[in-house]
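Just so you know, all these numbers are worked out from the coordinates, no wet-lab data involved. Just so it is clear, the model here is predicted, and its values are computed rather than measured. In this analysis, Cβ positions are derived from the backbone assuming ideal geometry, glycine residues included, and neighbour counts consider all displayed protein chains.
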Amino acid sequence: MTAWLIMFLATNVEWKNKVEAEVEAFNAAFASHAGDSKAKDTLNHLAAEFSKIPLSIWEEELSVIDLCLRESIRIVQSAVFLRRNLSKGSIEIDGYTIGPGDFVVYPTADIHHNNNVYPNPHMYVLRSL
């Protein structure tokens, strides 16, 4: 997903700039030597500093990255949901009868790429957020 996210951001300058600004603000707030190239062992120091940041802070402070990652997952994900009828009777769904022990299979792309749900599902909804 990270590779897809980088690819999508490379094609969308507006959101790439938003992500860069968010990362810079995060570094300024939480990394005491983020811009200091003279600091000895800077990467190890940053890793140690970042490891002390609670998960709730990461989630609160990096909302743009989270949004972009979720959108990348929506666009790229191609999974199938399976549900087995474990009841002893048949179930009626939208005119179809699902018998006991039968499986229902639903491809997620049907919803993630549906024009009725996402006005322009392949143009990276990031453009309109």
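The residue list Pro119, Ile73, Tyr106 was ranked by how far each Cα lies along the charge dipole of the chain toward its positive end, using unit charges on Cβ atoms, and Tyr106 comes out on top. What aspartates and glutamates sit close enough to Lys18 to cross-link, taking a C-alpha to C-alpha distance under 17 Å and skipping anything fewer than 8 places away on the same chain? Lys18 reaches Glu59, Glu60, Glu61, Asp66, Glu71. Among complete DSSP H helices in the chain, those whose alpha-carbon atoms stretch at least 18 Å along the helix's long axis and whose mean Kyte-Doolittle hydropathy reaches 1.0 are 63-76. Among the listed values (i) 11.8; (ii) 7.1; (iii) 7.9, the one matching mean projected area of the Cα convex hull in nm² as calculated from this structure is (i). Multiplying the residue separation of Ser56 and Glu24 by 0.36 nm and removing their Cα-Cα distance gives an extension gain of 9.7 nm. Each Lys and Arg Cβ is given +1 and each Asp and Glu Cβ -1; about its Cα centre, the chain then shows a dipole of about 300 debye. Taking label points 7 Å from Cα along the Cα-to-Cβ direction, Leu86 and Arg70 give a separation of 2.9 nm.
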